[in-house]
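Enquirer: Quick one: this structure, given as structure tokens, is what I'll be asking you about.
The numbers here are math on the coordinates, done by the rules we state, and not lab data. This is a predicted model, so every value here is computed, not measured. Please note: Cβ atoms are built from the backbone with ideal geometry, for glycine as well, and neighbour counts cover all protein chains shown.
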Amino acid sequence: MDKINQINLNNKISHIDVLVAEIGSTTTVVNAFNGIGTSSPSFVGQGQAPTSVLEGDVNIGLNGAIEDLKRNIAADNLTWNDMLATSSAAGGLKMTVHGLVYDMTVRAAKEAALGAGGIIKMVTSGKLRRLDLKKIQEVNPNIILVAGGVDYGERETALNNLEMILSMGLKTPIIYAGNIENQDEVKLMCEEADVQLYIVENVYPKIDTLVVEPTRKVIQDAFEEHIIHAPGMSEVRKLVNGPIIPTPGAVMEAAKILKEDLGDLVIFDVGGATTDVHSVTAGSEEINRILISPEPEAKRTVEGDLGVYVNANHVIEKIGVDELKKEFQDLDEIMASYNAIPKNDREREFVERLTEEAVLTSLERHSGTMRNLYGPTGKKTVAEGKDLSAVRYIIGTGGALTRLPNRESILKKVAGYAKGLELFPTTSAKVMIDNDYIFASLGVLSKKYPKDALILMKKSLDLAE
């Protein structure tokens, strides 16, 4: 009974196996699951409330979401065995990334950070300069990632950068993911500066090889330590008896476990502020033969200007006001009372248009392309960037792509959108929706209950066997 948390010990009690809290920057959501550990786990219900960081305690929002859940499942009281959590309530995990060559170690380090749910505020290649140090201080990152040099290759840039970073006197934890030959010296430097250090496998150990998963894991571990500093999160930590991971990183975990069962896939998550794209695919053999630089199998991109509420103006600008007014002559009227949740059919049509633009633009930015090069021997075709041509499933999650009436039609435009040399999904890819809007919760659930998480994902996608 000591594992069971209980609220309002009077009246009727409903018992939940696992509660997963998604503590976001603006909204806190709790999802309830039963039957965990059986052959038929189930999604019981969801509750939500405004996140209460500004009130000095995220527990206020968490308790509000639990109360909403109780109303939604008609429970007077609630008990549960496990509580897990995802969070971006402390503003996410702000990171700076510093490597040697942008197209090699820097890009590899950036892929690792984004895949783990880090928010990258600054990226540098080569040796740091004094102006770079000033920018690092302004960013005030929660963690700094230093990489550089293949194993047994160039050593000086990473050591120089680390020395300059330590000279600022910051106590920011550092991840070192560079040339293996530097590890002992890096340890000594951080010990002398009394700075916490995580050493992981080189993200770019040899030419054309990316190793990003060890760094991703350490970033998530560092996030769990950092998130405690959000107001009230230390109390949440006492309730949570499993991992707390970044919400975007949780969606990536869900994508990876689903790919192992279904095959190559891409997930679009359109939100009010950003659009995230998660793809898990090694690409086609044909494209891999002409790829000029390696790509991680699991890739995440974050488009900070493509949101349908906070960043709606950026999406409108992308479409063009004059062009948009051809479809919405009442554009000014719509924008005058625009809210996060559309209130009528006209507003829903408008949000769908913005969502379509966000999906297709994020697809273009996430994906790679082929290029024709001309030289003395004639034309040569090469490929660069992420190849999505082998993707079998296009999946929608997030508020817009799980709740809008024409969500499937929007995603169907992804398949076959390529006009020429783009490496987009083909028309054979199947569109599916995270109908229960629980992929982030299932990503963190998968860390402790992977089989249950997979079953629940397939149920949400209407693929239950």
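Enquirer: For segment 205-329, what log10 I(q)/I(0) values come out of the Debye formula at q = 0.10, 0.11, 0.21 1/Å, with one point per alpha carbon and no solvent?
Expert: The Cα Debye sum returns log10 ratios of -0.51, -0.60, -1.22.
Enquirer: Mind running the shape call on the chain? Use the C-alpha gyration tensor, a ≥ b ≥ c as the square roots of the eigenvalues: rounded below 1.5 for a/c, prolate if a/b tops b/c, oblate otherwise.
Expert: Since a/c reaches 1.5 but b/c is at least a/b, the shape of the chain is classed as oblate.
Enquirer: Something else about it: What's the exposure ranking of 414, 101, going from fewest to most Cβ atoms within 10 Å? Don't skip to the end; give the middle numbers.
Expert: Values: 414 24, 101 16.
Lowest to highest Cβ neighbour count: 101, 414.
Enquirer: Does segment 328-465 classify as rounded, prolate or oblate by the C-alpha gyration tensor (a ≥ b ≥ c root eigenvalues; a/c under 1.5 gives rounded; else a/b over b/c gives prolate, otherwise oblate)?
Expert: The shape class here is oblate.
Enquirer: Once R0 is set to 30 Å, what does the formula 1/(1 + (r/R0)^6) return for the Cβ-Cβ distance between residue 163 and residue 288, expressed as a FRET efficiency to the nearest 0.05?
Expert: The calculated FRET efficiency here is 0.20.
Enquirer: Search the structure for amide H atoms under 5 Å from the amide H of residue 80, placed 1.01 Å from N in the peptide plane, and list their residues when 5 or more places away or on another chain.
Expert: For residue 80, the qualifying residues are 5, 16.
Enquirer: Work from the charge dipole of segment 257-301 (Cβ charges, +1 for Lys and Arg, -1 for Asp and Glu, about the Cα centre) and give the residue of 271, 287, 298 farthest towards its positive end.
Expert: 271
Enquirer: Also, I was wondering about something else. Students often get this wrong, so check it: of 187/259; 259/379; 70/451; 326/459, which have C-alpha atoms separated by over 30 Å?
Expert: Listed pairs above 30 Å: 187/259; 259/379; 326/459.
Enquirer: How big is the gap, in Å, between the Cα center of segment 255-333 and the Cα center of segment 58-78?
Expert: 33 Å
Enquirer: For residue 15 paired with residue 184, estimate the spin-label separation in nm (one decimal), with each label point 7 Å from Cα along the Cα-to-Cβ line.
Expert: Going from the residue 15 label point to the residue 184 one covers 5.7 nm.
Enquirer: Working out 0.36 nm times the residue gap between residue 79 and residue 103, then minus their Cα-Cα distance, what length gain in nm do you get to one decimal?
Expert: Here the segment from residue 79 to residue 103 would lengthen by 3.6 nm.
Enquirer: Rg and Dmax of segment 77-150, Cα atoms, in Å?
Expert: Computed over the Cα atoms of segment 77-150, radius of gyration and Dmax are 16.3, 58 Å.
Enquirer: Sort segment 257-346 into rounded, prolate or oblate with this rule: let a ≥ b ≥ c be the square roots of the eigenvalues of the Cα gyration tensor; rounded if a/c is under 1.5, and if a/c is not under 1.5, prolate when a/b is larger than b/c, oblate otherwise. Mind showing how you got there, number by number?
Expert: Numbers: a/c = 3.15, a/b = 2.28, b/c = 1.38.
Because a/c hits 1.5 or more and a/b exceeds b/c, segment 257-346 counts as prolate.
Enquirer: For segment 98-215, compute Rg over Rh where Rg is the Cα radius of gyration and Rh is the Kirkwood radius from the inverse mean 1/r over Cα pairs.
Expert: 0.92
Enquirer: Counting only helical runs of four or more DSSP H residues, what would the 222 nm mean residue ellipticity of the chain come to if each run contributes -39,500 (n - 2.57) and the total is spread over all its residues?
Expert: Helix contribution divided over all residues of the chain: -11000 deg cm²/dmol.
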